[in-house]
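Heads up: the structure comes next, in C-alpha cells.
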Amino acid sequence: MGVIRSFTGGMGFFLQGLRWVARHPGWWLFGLIPALIVFVLYAVGLYFLGTSAGDLAGWLTPFADGWGEGLRNTFRIMVGVVVFGAGLVLAVVTFAAVTLVVGEPFYEKLSEQVERTYGEVPTGHELPLWRSIPRSIKDSLVTLGYVLLFTVPLFFLGFVPVIGQTVVPVLGAMVSGFFLTVELTALAMERRGLARRSRFALLRGDKALALGFGVLLFLLFLIPLGAVVAMPAAVAGAAIMVRTRLAAGNIPPRAFPPGALPPQAPPGSLPPRSSPPGPPPGRP
C-alpha cells in the first residue's frame, strides 16, 4: 500500500501544480512561451520523420528485399510504425529537457514564484546565467544518455511478438516518466545546492513518487499540445514536490512560522518541540 500511496501522491503533486497555475494564469501564460517554441520545432521534426518513415524502414531492412511483396510491405510498414513511435517517445522524453534549457530564465522565475507562495525561497546557490545554461545542457545530455541506455533495448524488444505490444510500452512509460521527473525537479533541487548525483539519489529513494509524477506527465505529453499546456503546471508541481516532500529538510528554517507544519505534512504529524514536555500539574 505504501508504494501505491507514493505513486498516487506523485500524481497528486502534478494536480497541485495544475491548481497553482489555475490560480495564477499570468504565470501559466508566461510558462507557455518556451514550450510553444520547442513544440513547433518538434512538430516539424516529427512531420519529416513521419513522411520518411517508409524510406527509413526500407534502409533498416535490406534483408527483406527478397521476400514476397505482400510480406515485405507489411513488415516494413510495421518497422516504419515502430520507428515513428520511437521518435515520438524520444520527443516526449526530451521535450522537458530541451524546453527547460531553452526557457531556463522563464522556468527559474516560475519555480521561484511557486516557492515564494509557500514561504521563503532557498538562496545561496544561485549561478549566473552564463554558467547555469551550460550546466543544464550537460546534465540534460547525461540524462539523455541514461534514457537511451534503457530505451534502445526496449526499442528492439518492441519487435518481439506479444511482449513488444504489452510489457515494453509499460516499461517505456516508466523509464520515460522517471527521467521526466529528473528533469523537472532539477530547478528546485539546484536551488538547494543539490548536484546531479544527489538529485538522482533522492529520486531513487522514492521511485514510486517519481514514477507517479512522471508517468502521468508522459501520458499527457503524448496528447497533441498536451506537453505545451501541461509544462507550466509540471514545473510548478515539481517545485512543490521538492519543497514539501523530496528535499523538505533543505527548506530554510524561517520558511514557516514557529511551530507551523510545512504544506502537505503527513496527517497526524506534530511540530518539533524545543524541549521535552514537563510533568503534569500537581505531580513532582
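The values are calculated or read from the model by the stated rules, or taken from the named source; none is laboratory data. It should be emphasised that the depicted structure is a prediction, and the values quoted were computed from it without experimental measurement. When we count neighbours, we look across all protein chains shown, and the Cβ atoms used for this are built from the backbone with ideal geometry, even at glycine. The protein model used for the area step is the full one, side chains on, heavy atoms only, and it has no ligands, DNA or RNA in it. Shrake-Rupley method; radii C 1.70, N 1.55, O 1.52, S 1.80 Å.
Is it true that some residue in the stretch 16-36 is in contact (Cβ under 8 Å) with a residue 40 or more places away in the chain and touching a Ser or Thr at 6+ places or on another chain (Cβ under 7 Å)? Yes - at least one qualifying residue is present in the stretch 16-36. With the structure loaded, tell me whether I223 is more than 22 Å from L32 (Cα to Cα) and either at pLDDT below 90 or among the hydroxyl-bearing types (S, T, Y) (or both) or whether it fails that test. Criteria not met by I223. Taken together, the residues in the stretch 89-101 that are within 19 Å of F159 (Cα to Cα) and at pLDDT 85 or above amount to 0.
Before we move on, is V89 in a loop (DSSP other than H, G, I, E, B) and among the aliphatic types (A, V, I, L, M)?
On the way: in a loop (DSSP other than H, G, I, E, B): no; among the aliphatic types (A, V, I, L, M): yes.
Answer is no for this residue.
Among the residues of the stretch 98-123, just one is of a type in the set (D, E), assigned to a helix (DSSP H, G or I) and touching a Pro at 6+ places or on another chain (Cβ under 8 Å), namely E115. The residues of the stretch 134-156 that are without any contact (Cβ under 8 Å) to a residue 40 or more places away in the chain and β-branched (V, I, T), listed by number, are I137, V152. Scanning the stretch 39-59 for residues that are of a type in the set (F, W, Y) and open to solvent by 80 Å² or more (accessible area, probe 1.4 Å) returns Y47, F48, W59.
Of the residues L187, L220, which single one is within 19 Å of T143 (Cβ to Cβ), crowded, with 16+ Cβ neighbours inside 10 Å and of a type outside the set (K, R)? Of the residues listed, the single one that is within 19 Å of T143 (Cβ to Cβ), crowded, with 16+ Cβ neighbours inside 10 Å and of a type outside the set (K, R) is L187.
Taking the conditions (1) under 28 Å from V152 (Cβ atoms); (2) within 18 Å of the chain's Cα centre (by Cα); (3) open to solvent by 80 Å² or more (accessible area, probe 1.4 Å) in turn, M78 satisfies each one other than (2).
Does L36 fit the bill of being part of a helix (DSSP H, G or I) and open to solvent by 70 Å² or more (accessible area, probe 1.4 Å)?
Numbers: part of a helix (DSSP H, G or I): yes; open to solvent by 70 Å² or more (accessible area, probe 1.4 Å): yes.
It is true that L36 is part of a helix (DSSP H, G or I) and open to solvent by 70 Å² or more (accessible area, probe 1.4 Å).
Based on this model, can you work out whether L71 counts as within 22 Å of L246 (Cβ to Cβ), modelled with pLDDT of 85 or more and among the aliphatic types (A, V, I, L, M)? Taking the combined requirement at face value, the residue does not satisfy it.
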